[in-house]
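Working notes, beginning with the structure itself.
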Amino acid sequence: MTFNDALLLLMRDLLPNGVLGIAVAGLLACFMAGMAANLSSFNTVLPTTSGGPT
């Protein structure tokens with residue numbers, strides 16, 4: 001077992017089906033929130049470093 005597979009295997013083996021769905025939805029929400037934060041910060045930095053009007 002690798003480090004990357006540990007959480008998924010733990011969830012698959014220990015959680016019942018209903019709770020597994022909630023856990024997967026939570027992981028997706030965390031991923032989407034992180035990506036939104038990255039895009040938001042990128043859109044803030046890009047105009048200030050390119051020399052264009054702010």
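Any read-out appearing in this document is the output of simple, stated calculations on the displayed coordinates, not a laboratory observation. For clarity, every value in this text was computed on a predicted model and none was experimentally measured. As a convention, Cβ positions derive from the backbone with ideal geometry for all residues, glycine included, and neighbour counts pool all protein chains shown.
Tabulated data for the structure shown
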| quantity | calculated |
| --- | --- |
| Gained length - L20 relative to A37, 0.36 nm times residue gap less alpha-carbon distance | 3.5 nm |
| Paramagnetic label zone (point 7 Å from Cα along Cα-to-C-beta, N4; backbone N under 19 Å) in the range 12-26 | 12 |
| The range 3-48 - convex hull of alpha carbons, volume per residue in Å³ | 55 Å³ |
